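Okay, structure first, notes after.
The values are calculated or read from the model by the stated rules, or taken from the named source; none is laboratory data. Here the structure is a predicted model, which is why all the values come from computation and not from measurement. No Cβ is skipped: glycine too gets one built from the backbone with ideal geometry, and neighbour counts run over all protein chains shown.
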Amino acid sequence: MSKLAPATITRWVVSGPPTLFMLLFFLAPSLIMVLASFRYPGAFGGLAPVFGGGRPGEDTGLTLENYQFFFSDLLYTEIFLKSLLIALISTLACILMAYPLALLIARSPKRHRDLMVLLVILPFASNFLIRVYALMILLGPQQALASTINGVLAAFGCAPVSLLFSTFAVVVGMVYVHLPFMVLPLYTNLEKHDPTLLDAAQDLGASAWSRFWRVTFPLSLPGIFSGSALVFIPVLGMFAIPDLLGGTRDILIGNLIKDQFLGTRDWPFGSMLSIMLTVVVLALAGLAARLGQRKRDGGN
Amino acid sequence: MMAAIQAMARRRPPGRHVAGWPQRVVGCLLVLLVLSAGLVAPPANAANVLRLFNWNNYISQSTLDRFEAQCHCKVEQDYYSDNEEMLAKLAAGATGYDILVPTGNAVETLIRQDALRPLDRSRLPHFGNLNPAFLGGFYDPANRYAVPYAYTITLLGYNRTRLDALGLPHDTWGLLFEPKYLEKLKGRVTVLDSPRELMAAALRYLGYSVNDTDEAHWARARDLIIRAKPYWASFSNSSYIKELTVGNIWLAHGYSNDMYVAAQDAEKAGRAFTVAFSTPKEGAVLALDNMVLHRSGPRPDLAQAFMDFMLDGQNSAELTNLIGSGNPNQAAMPYIRPAIASNKAVFPDAEGVRQLEMLRDLDRRQRRVLNRMWVEIKLR
């Protein structure tokens, strides 16, 4: 009989509940989803049984049909590529907008920083759907923004454009909602930079641009990476924003998955799509990690 | 509990905006909440309480008050905003409802699940008030379970002033699908974000049934939709009411009672234009809601007393006057406001009724093929 050291017991008591929580609410549903992706849909929605008889007209057991249907043509792959492109554009836009903001906050006097960070987080105080509805009003065809732009376009003899119900509106919505997720990790990173490094670079004759490009930027890469992960992945799965702001072509992978559960009553296909999405995200994360590794190795 | 997010073949809450998915998510959360509360609190005993599981805003308060006074009982209502939500809640174990008000295809599902009690016609002396045109639906050919309650038609709502100025017709699905009309309406058109409803419109325009499942016909309908899509502003299930009312949108594919609301709102707001709606001559989708007895209800006696009460013309008319829904009760006609009663889009004549079809559920293969076409439509 082995005797448990008190430290071991404490460790288990402390880490047990969160581990159990993750097992119960993350791992178990994920496994259920993997299983569901090999099953048949039930007659009234849900899943047909794996064992035993189903209702009339229901197939039971396991199948590869869902995967075959996905790969039977390029349509679904096209949605994946389109969603990846939108996610990429949104992430780049977030980086471009969040970087100067994070730098500004990090370089501000300490007493102002907390307030500025608070202001960045402030939008979270209201539900994001409400903020997206507000965007719908802002971008609406009779609002000042749209009428100004169309006025300018008309002066140059161009046809009026619609801001709302467009891919542009979808990207604006994505960037707007996810911007704080880029600002915060970037700020946390930039704030920790040692200012004396910049002084040293200046003493050695580096210009302002070269101080940024050769000192600050490389040091901030971990912040950019974690911010990008926090933006890219949610954008990839987002369905609310394309639903509300998108036009007649703006369907993304998130909408497709949502449709399988709420519209088509096809849980197995929805599970399969969701697993494919997870695989794509993991593959991209792995690729990014590999690239980062090689860069570090090459740099040394 | 996963059934609580069961999917929907169609979404059509009458009398108000169609629930978008945010409402549905909230609805599902409420389902969870209600069910968990149900585990703690024992259900009320079979006192003089009638429990009604109904659409939001689908009965007039004064009707309820009169029934309560007449039966010396209390009516408790729970609400849903689409059939799938109601079915999911029942599938997840909600019990104790005497009456449900499902649409035809949901009645069919409930019958197949053996979840309904047969009616006792001897307790429904006013059953004869119903218009025979609305009896004997595919889901319950002999009306052993279902008492028709109210209906909506999926049709076209439009800015009549604009359409007239452009010299466009009002009564054809061609408005949604023909480039010669759409060129004048570019960016001013919305269609329902529902594969079944939009395909139904296209199928009728092509001369097929809304329940046609021939893939070649579906493909023709898909191509028609893809050709028209560049002219549309968006797919919309509820915002079209507001957009029609303020004049951003001139033509919308939607439900008759929503169009009634839009027309009323535009009039009340004193707009310089009128909003009107009509059923395209090619035919359209009819959604008929029915009162049925759920097996779990403790008071079928009270429930049938309520059904018969609602079959009374005056009581039945109150709902139509409230939300502009169609009414399958012939005895209600004298009590319905003339402006509604004379509207062909709410009360079609015999010929118009023949042009209406109810949607039937698709099997899983058909659902998947349709969804794939829907993705194609959305991507192109």
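With respect to the conditions (1) among the hydrophobic types (A, V, I, L, M, F, W, C); (2) more than 29 Å from A:L139 (Cβ to Cβ); (3) more than 11 Å from chain B (Cβ to nearest Cβ), A:W267 lacks only one, and its number is (3). Only a single item in (1) away from chain A (no Cβ under 14 Å); (2) buried (at least 24 other Cβ atoms within 10 Å of the Cβ); (3) assigned to a strand (DSSP E or B) is not met by B:H253, and it is number (1).
When every residue of the stretch A:38-56 is checked against the conditions, at least one turns out to be surrounded by 13 or more Cβ atoms within 10 Å (Cβ to Cβ), at pLDDT below 90, away from chain B (no Cβ under 12 Å) and not in a strand (DSSP E or B). The criterion of at least 3 residues that are of a type in the set (V, I, T) is met by the following helices (runs of 4 or more DSSP H) wholly inside the stretch A:64-138: A:75-107, A:110-121.
Restricting attention to the stretch B:92-126, the residues that are over 21 Å from the mean Cα position of the chain (by Cα) and aliphatic (A, V, I, L, M) total 5.
Taken as a whole, the structure places A:M272 among residues that are part of a helix (DSSP H, G or I), out of contact with any Pro (no Cβ under 6 Å at 6 or more places or on another chain), more than 10 Å from chain B (Cβ to nearest Cβ) and surrounded by 24 or more Cβ atoms within 10 Å (Cβ to Cβ). For the stretch A:22-34, the criterion of being crowded, with 17+ Cβ neighbours inside 10 Å and either farther than 26 Å from A:A229 by Cα or of a type outside the set (F, W, Y) (or both) is satisfied by at least one residue. Screening B:L251 with (1) touching an Asp or Glu at 6+ places or on another chain (Cβ under 9 Å); (2) within 21 Å of B:K344 (Cβ to Cβ); (3) not hydroxyl-bearing (S, T, Y) gives one miss only, at (1). Among the residues that make up the stretch B:299-319, is at least one of them over 16 Å from B:P148 (Cβ atoms), of a type in the set (G, A, S) and either in a loop (DSSP other than H, G, I, E, B) or not assigned by TED's automatic domain parsing to the domain that holds B:D82 (or both)? Within the stretch B:299-319, none of the residues are over 16 Å from B:P148 (Cβ atoms), of a type in the set (G, A, S) and either in a loop (DSSP other than H, G, I, E, B) or not assigned by TED's automatic domain parsing to the domain that holds B:D82 (or both).
Flag not set for B:E282, criterion: surrounded by fewer than 24 Cβ atoms within 10 Å (Cβ to Cβ) and without any contact (Cβ under 8 Å) to a residue 40 or more places away in the chain.
Residues that are touching a Leu at 6+ places or on another chain (Cβ under 8 Å) and more than 19 Å from B:G157 (Cα to Cα) were ranked within the stretch B:318-330; the one that is surrounded by the fewest Cβ atoms within 10 Å (Cβ to Cβ) is B:Q330.
Inspect the stretch B:82-103 for any residue being assigned to a loop (DSSP other than H, G, I, E, B), farther than 17 Å from B:H294 by Cβ and not charged (D, E, K, R) and give the result as yes or no.
no
The residues listed here are A:L186, A:L119, A:L179, A:L145; of these, the one that is more than 14 Å from chain B (Cβ to nearest Cβ), of a type in the set (A, V, I, L, M, F, W, C) and without any contact (Cβ under 8 Å) to a residue 12 or more places away in the chain is A:L119. Scanning the stretch B:179-236 for residues that are within 22 Å of B:R372 (Cβ to Cβ), facing another protein chain (nearest Cβ under 10 Å) and among the small types (G, A, S) gives B:S194, B:A228, B:S234.
Screening B:L359, B:L293 for residues that are surrounded by 20 or more Cβ atoms within 10 Å (Cβ to Cβ), farther than 30 Å from B:H72 by Cβ and either more than 14 Å from chain A (Cβ to nearest Cβ) or modelled with pLDDT under 95 (or both) leaves exactly one candidate, B:L359.
Identify, please: which residue in the stretch A:221-254 is assigned to a helix (DSSP H, G or I) and at the interface with chain B (Cβ under 8 Å from one of its Cβ atoms) and is, among those, surrounded by the most Cβ atoms within 10 Å (Cβ to Cβ)? Residue satisfying both the conditions and the ranking: A:D243. Inside the stretch B:70-110, residues that are without any contact (Cβ under 8 Å) to a residue 40 or more places away in the chain and either within 11 Å of another protein chain (Cβ to nearest Cβ) or crowded, with 17+ Cβ neighbours inside 10 Å (or both) make up a count of 2.
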